[in-house]
Amino acid sequence: MTRLHLVAVLHLGLALLLSCGIWLVLPARYLLVDVVGTLVALAALASALSLSFSRTWAVQLARAVAWLELVTGTLCVSALALSAAQLAGSYGPVGAGGAALMAAVALLVLPYLVVLPAFQLFWLRDSP
Amino acid sequence: MNGVNASAARYLLAWSVFTLLGCLAVHARASISRVPMPDEASTRWAYEALAQAAQHLPLTAAPPRAEHYRAGGAIFVSVYVHGQRVARHVAGATLTKAVREAGVAFARQPLLALAFSARKPADRPRFRIELTRGDAALVDALPWLRALLLVPLRDGLCATQGTDGGRSVCLTPDDIWGLGLYDRAVVAPIPDLTFGTDLALLEQRLADDLGTTRAELHQNGRVRRVRIEAMAPWPTETPRPALTREQLETAARDGAKFVLRHQARSGRYTYVYDAQHDRALAGDDYSLPRHGGTTYFLAQAAQRLAMPEARAGARRALGYLRASAITTCGAPDRLCVLQDGEVEVGASALTALAAAELLQSGDDADVSALLSGLTAFLRAQQRPDGELMHEYDRKRERAVDVQHMYYSGETAMALLTAYERTRDPRDLQAARRLMAHLTGAGWSFFGSRYFYGEEHWTCQAVGKAAAYMDVSAALAFCVRWARWQSHLQYAAGDTPWPSEGAFGVGPVLLPRVTTAASRVEASVPLFRVLRAHQQSAHGVTDASELRELRRVIERSVGLLLRQRWAPGPTHLFRNPARAYGGMPGTAADLTSRTDMVQHAGSALLAWARDGVFDAQ
């Protein structure tokens, strides 16, 4: 499997994860999360397909999608961290339960929408 | 590294630095550095001095510490009559000066002086002194956090007109509490879960007080979050005394008296009592399962506390059901409870439980017949695998195989309690199969060791069943449940409120008192059985498990004792005597729903009976 195929598989996995997470797992509809998440999922799917069919513009699209994922993920993590900082400032320590909850959310977002896109950009560094 | 990699690396570095510094800055702006509260002697003097001043008596000398005490800002001295604020004096930061000035101001009001001579305690004015401890900017730049910007019961909101030295007005925590605006802004899709404070409503009120508009206030004024705390607050934060059996029984007795005080002659309870206005809250959501649960508590009180009036109340409550909700389901000897035309299996189970408990304190032919009919119906709802079907279609005369929260555990408890009285082996057999399902196959899936449902009825039933059957597997399940709960219990200082013993996953939500009560109800039978066994077969390898369980129970019992209305925040009550013994849903709640008193009362009675008391 080449690097480009690996990136395609990862993008396909992320597209499935986001789509299922948003439309099957999340218990409530929230426009911002639904729209942004679905757009990122569709972009990842498009990238996976274009890489699979070896389109000439596939690598450029994969880079753009990786950047989109990275920016979305980092914004999301920043918003969570700043919110946590604000609440901790106002309310005091978040307690063991609260800390575990926030860590769980960060663990869900960080690997898929920050670490993974960063690696994808690294793997795509030498591709034309 | 090519350009793409360098860009990504630079982006990630910049993002990390921005997020880290942003968090530090936001945290610093949101934190309030608080001046300490005055000591007890100063607090006592302040309230005594206000009472003396209002009655034109000479003031006693202030203790030295009171003379030197300075708050972090304005001091608010308020007078409440019948739960409403009737006067307020806002003074500077010096405590003694504020109290003396307020005393003079209140003494000038002839109506207040007249109120002080009222014969009924409920008619007399109540003073409340709130001190500013510090303030911070209202950081509302972050989206979605506006509803959580004020710490309920701790933060008030002040607005200043103009940019420099203009007129200021404040809404203190007591004001916001009295308006019922804490903990209500967001309604979560989970029963009874609301949270947050609607800042827009508060800002509008401040703007009205300043004679301006909200938009103008935002443009030309300043709104601050202000930490304001009352001298002699409720619930108290003082270290709790050692628990005694008498203390718990007194609290349970007060709860039973509260329920009886708010029961109609028909036997129907006041579902939600609004202490602020001394009235029943209107609504068509009367819950018959909770009616059954409350009757169970009265039956417990009748037996354990020797309260014949509680027995009479429980009989009235069962009479209310017989007259309005009991019918036959599938056979003449099968009785069930109807609510809004539908069969209510949960209400049927809890009514059976109440009837069985009532028979513990004396025979009653009507109640026996009711119990026999209800248990026959509940047994007929059982599936071959032990699980219960929680609905019944009266038209087609058949059970509907769906499950609702609590009902199976309630039924197991009802069948076992009935068996204690009737010795009908069918009840025991049905309970055994039901519990085997609930704690075995019914809770077996990947991740089932990391997540649990509401099992407080199930584990009470396990505790009761231990006398009649081998409950090893069920006991192991309940021990795991109790361990999991202990991780969710707050220790002192985990939240901004005195919430030690409550349960939750973060300080943002005001802890729910009933959650603590129901955990105690379930943990005490577990404690009793484990203590009797003291063996390793259920994972109890040493006494530390029992010690931990006892610690969890005692913390929660302490919370129940602190948060019950005895007397509660009386300055916001129209008639404190009628509210006495009630139990709010949260510390900010000025209402008491019947099941909240029931769960707390049953929990206190359970620990009074099976607990260990070092103080005695």
For chain B, average projected area of the Cα convex hull in nm²: 36.1
Roll a 1.4 Å probe over the protein heavy atoms and report the accessible area of B:TYR406 in Å², nearest 10. 90
Search the structure for amide H atoms under 5 Å from the amide H of B:ARG512, placed 1.01 Å from N in the peptide plane, and list their residues when 5 or more places away or on another chain. B:PHE503
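So what's the protein assembly as shown giving for Cα Rg divided by 2.2 N^0.38 Å, two decimals?
On the way: Rg = 30.0 Å, N = 744, 2.2 N^0.38 = 27.1 Å.
Ratio of Cα Rg to 2.2 N^0.38 Å: 1.11.
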Going by accessible area, probe 1.4 Å, with all protein chains left in place, what is the ranking of B:CYS336, B:CYS23, largest first? B:CYS23, B:CYS336
Accessible area in the full protein assembly, largest first, 1.4 Å probe, for B:GLU67, A:GLU69: B:GLU67, A:GLU69
Mark the label point 7 Å from the Cα of B:HIS404 along Cα→Cβ and return the residues of the stretch B:330-362 whose backbone N is within less than 18 Å of it. B:330, B:335-354
I'd like to know how the stretch B:43-137 sits against the 2.2 N^0.38 Å rule of thumb: what's its Cα Rg over that expected value? 1.08
For the stretch B:224-367 the translational diffusion coefficient, Stokes-Einstein from a Kirkwood Rh over Cα pairs at 10 °C and viscosity 1.306 mPa s, in µm²/s, is roughly 92
Do any cysteines of chain B lack a neighbour Cys whose Cβ is under 4.7 Å away, and which are they? B:CYS23
Among B:TYR69, A:LEU10, B:LEU321, which residue has its Cα positioned farthest towards the positive end of the charge dipole of the protein assembly as shown, with +1 placed on the Cβ of Lys and Arg, -1 on the Cβ of Asp and Glu, and the dipole taken about the Cα centre? B:TYR69
So how exposed is B:LEU179, as accessible area in Å² (1.4 Å probe, rounded to 10)? 70
Per the C-alpha gyration tensor (a ≥ b ≥ c, the square roots of its eigenvalues), the stretch B:245-610 is rounded if a/c is under 1.5, else prolate if a/b beats b/c, else oblate; here it's oblate
Can you tell me the Rg and the Dmax, both Å, for the Cα atoms in the stretch B:146-233? 13.7, 46
Under the Kirkwood approximation for Rh and a Cα-based Rg, what ratio Rg/Rh is obtained for the stretch B:167-279? 1.10
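So for the stretch B:477-572, Kirkwood radius off the Cα pairs, Stokes-Einstein at 10 °C and 1.306 mPa s: how many µm² s⁻¹?
On the way: Rh = 14.2 Å.
The estimated diffusion coefficient comes to 112 µm²/s.
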Which Cα, out of B:HIS456, A:LEU24, B:GLN403, lies furthest along the positive dipole direction of the protein assembly as shown (beta carbon charges, K/R +1, D/E -1)? B:HIS456
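Given a 1.4 Å probe and no ligands, DNA or RNA in the count, how much accessible surface is buried by B and A, both sides, to the nearest 100 Å²? Intermediate results must be reported in sequence, preceding the final value.
Values: alone 27430 and 8030 Å², together 32640 Å².
Interface area, both chains combined: 2800 Å², rounded to the nearest 100.
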To the nearest 500 deg cm²/dmol, what mean residue ellipticity at 222 nm is calculated for chain B from DSSP H runs of n ≥ 4 alone, each contributing -39,500 (n - 2.57), summed and divided by the residues? -15500 deg cm²/dmol
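Give the ranking of B:LYS395, B:LYS97, B:LYS257 by solvent-accessible surface, highest area first, calculated with a 1.4 Å probe.
Details: B:LYS395 195, B:LYS97 120, B:LYS257 90 Å².
Order by accessible area, largest first: B:LYS395, B:LYS97, B:LYS257.
The values are calculated or read from the model by the stated rules, or taken from the named source; none is laboratory data. Just so we're clear, the structure is a prediction, and the values are computed from it rather than from any experiment. All Cβ positions, even for glycine, are placed from backbone atoms using ideal geometry, and neighbour counts span all protein chains on display. We work out accessible area using only protein heavy atoms, side chains counted, and drop any ligands, DNA or RNA first. Shrake-Rupley method; radii C 1.70, N 1.55, O 1.52, S 1.80 Å.
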